[in-house]
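Reading through the structure tokens given below for one structure.
Only the coordinates and a few stated rules stand behind these numbers; no lab work does. As the structure is a computational prediction, the values presented were derived from the model and not from experiment. Note that each Cβ is placed from the backbone with ideal geometry, even for glycine, and that neighbours are counted across all protein chains shown.
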Amino acid sequence: MRLLHTSDWHLGQTLHQFDRSHEHDRFLAWLVDTLVAERVDALLIAGDIFDSSNPPASAQSRFYQFLSEARRAVPGIDIVIAAGNHDSPGRLEAPAPLLALFGATVIGAVSSTADALDLQRLVVPLHGSDGAINAWCIAMPFLRPSDVPRVDGAANPYLAGIEALYRAAFAVAQSRCQPGQAIVALGHCHLVGGQVSEDSERSIAIGGGEVLSASTFDAAIAYVALGHLHFAQTVGRDETRRYSGSPLPLSFSEIDYPHQVVVVDLDGESVGAINALRVPRAVELLRVPPKPAPIEQVLAELAALTLPDRPPSQWPYLQLRVQLTQPEPGLRAQVDAAIEGLPLRLARIETSYLAPPTDENAPTLSIDDLAARSPADFFDRLYRHRFGDAAPGELMAAFAELLNTPSDAPVEP
């Protein structure tokens, strides 16, 4: 049978306040077409469907519309969804009875029976094109401390509880598995060695629990479909343990990521083939220039841009990278004048400063020296330390005015 592994859609996300509905719509439409073209039997979504635990109604509607279209396009498809750390477990599971009509199984959190964790619902059958069960999927959501069993005496009880829960779920899958049937697993977690996107991934560390070992997943599991890390990657150089990565760049730090989904062919109890499919980028992200440069160079590169005429929903997002030697109050006005009329969206101006030379022979101030200095002395010293020169007179005058303004004085508009 054939699986498609994807994760980290982050529906409802904005990029520096710009709405991304057009990009999400384009991705989901492409995904439906891909399910048909690749003759996919089961779709595995490894968490972070939404960008927040309280997503806008438009994002939820977009998700349910996709499930409806996917089921209509591929009538027999199984869809297994595990919640990520951005998702609300309750909100994701609330429509589960209705989603089951679309062949979708949703696991938001690990539930409990009267005296134990309910492991049975975490193991989901996957059917081939002939309707027979060809595999079993351990659908594990992002695990919080309240989700995992207590492991007494463990150095890290949370981490040990996660590992114990995966072992217990695997035992259930093994008990159901018949000869010729594979076991696959979903996990939304951070494994040791995984490459992180610092600008857009929320840390899920709880007592060191984000550093799970790949050995958490039993060697008999044919394929592990991971979510949380946005950079598509394998774990421990094992092609069968991998993050699909996010389908869209969620920040400018992800501009060069290989955004993709992963198609997996199961051959009996093992993996027969794995194929990564690149997701077409609906909207371009531009960094001008690629590395920080003086404002004159940045403005020159903006003037040299040649951009095709497109609808506003397809205008590129722009990040400017400006290197300064001192504060530049008129920077935004210069940039606005340079991009006026261009079909693009200014998302961010990233400024950095050249490190000033340091005086290694400068005397160390004593407590008495510090006590004798005025606030203006400290301000000027800080400015010199950061920018390598004295603070401009007008800036010092503004600081003095601020310093001498009574705290209860009315503020002029």
Looking at the chain as a GNM with Cα springs under 10 Å, which of 34, 113, 216 has the largest mean-square fluctuation?
113
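In the chain, which whole DSSP H runs stretch at least 20 Å along their own axis (Cα) and average 0.0 or higher on the Kyte-Doolittle scale? Mind dumping the intermediate values first?
Numbers: long enough: 21-37 (24 Å, 0.14); 57-73 (24 Å, -0.65); 157-176 (29 Å, 0.42).
Answer set is 21-37, 157-176.
For the chain, take the convex hull of the Cα atoms, compute a quarter of its surface area, and give me that in nm², please. Each step should come with its number before you reach the end.
Values: hull surface 115.4 nm².
The orientation-averaged projected area of the Cα hull of the chain comes to 28.9 nm².
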Run the helix sum for the chain: -39,500 (n - 2.57) per DSSP H stretch of 4+ residues, divided by residue count, reported at 222 nm to the nearest 500 deg cm²/dmol.
-8500 deg cm²/dmol
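Using the Cβ atoms and a cut-off under 11 Å, what net charge is assigned to the surroundings of residue 79, where Lys and Arg are +1 and Asp and Glu are -1?
Values: positive: 71; negative: 41, 78.
Around residue 79, the surrounding residues sum to -1.
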Between 304, 70, 29, which gets the highest mean-square fluctuation from a Gaussian network model of the chain, Cα cutoff 10 Å?
304
Rank 390, 305, 108 by how far each Cα sits towards the positive end of the charge dipole of the chain (+1 on Lys, Arg Cβ; -1 on Asp, Glu Cβ) and give me just the farthest.
108
Evaluate the charge dipole of the chain about its Cα centre and quote only its size in Debye, nearest 20, assuming +1 on the Cβ of each Lys and Arg and -1 on the Cβ of each Asp and Glu.
1120
Please give, to one decimal in nm, the separation of the simple spin-label points placed at residue 300 and residue 336, each 7 Å out from Cα toward the Cβ.
2.6
Furthest towards positive pole of dipole, 225, 160, 375, structure part the chain, Cβ charges
225
Which of 187, 227, 341 ends up with the largest GNM mean-square fluctuation for the chain, with Cα atoms connected below 10 Å?
341
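Counting only DSSP beta bridges with both residues in the chain, tell me the antiparallel percent, nearest 5.
Details: 23 of 64 bridges.
Taking every DSSP beta bridge with both residues in the chain, the antiparallel ones total about 35 percent.
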Please give the charge dipole size of the range 55-101, origin at the Cα centre, charges +1 on K and R Cβ atoms and -1 on D and E Cβ atoms. Round to the nearest 20 debye.
140
Which one, 77, 276, 169, is farthest towards the positive end of the dipole of the chain when Lys and Arg carry +1 and Asp and Glu -1 on their Cβ?
77
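What's the ranking of 136-146, 158-168 by average number of surrounding C-beta atoms within 10 Å, highest first? Could you put the intermediate results ahead of the total?
Details: 136-146: 22.0, 158-168: 19.2.
In decreasing order of mean packing, 136-146, 158-168 become 136-146, 158-168.
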Compactness relative to 2.2 N^0.38 Å, alpha carbon Rg of the range 285-353:
1.08
